[in-house]
Amino acid sequence: MDNTTRYMAMLGIGTIVFGISLFVLHIPVRTAIVFFILGFPLVLLWLYVDTKSKQQSTLSTITKQVCICQICKHEEAKLCLERRCACCIMMKGNSVIGHSINPLQ
């Protein structure tokens, strides 16, 4: 987890915990609700950014692979992904989910 996502997680969870502590200490409910309203979107934003960064990192590792397919004869998987070669990429619906380097598929 990089620093940006780590800080978003700490800020969101810390805000929610502070709201809970205000509620436990019998501070007016409106004050505690403000911190809940601020904390939950931060946690949701953290989850969204974390999943997007994981998807992007897996796609960047796929593009660095070598393509050993005997049909399309590209040297890099990046070219296969750009041209959507049916012989060596794996798709789910309309989105590319991976690149197969198995020549016996």
Quick query: amide H of residue 98 versus all other amide H atoms, modeled in the peptide plane; which residues come in under 5 Å with a sequence gap of 5 or more or a different chain? 90
Give the relative contact order (percent, whole number) for segment 11-81; include only Cα pairs under 8 Å separated by 6+ residues. 23
If you scale each eigenvalue of the Cα gyration tensor by 5 and take the root, what three semi-axes come out for the chain, rounded to whole angstrom and sorted largest first? 48, 12, 8
Where the Cα pairs of segment 17-56 fall when distances are cut into 10 Å bins, in %: 30, 35, 22, 12, 2
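Quick note: the coordinates plus some simple rules give every number you see, no bench work behind them. Because the structure is a prediction, the values reported are computed rather than measured.
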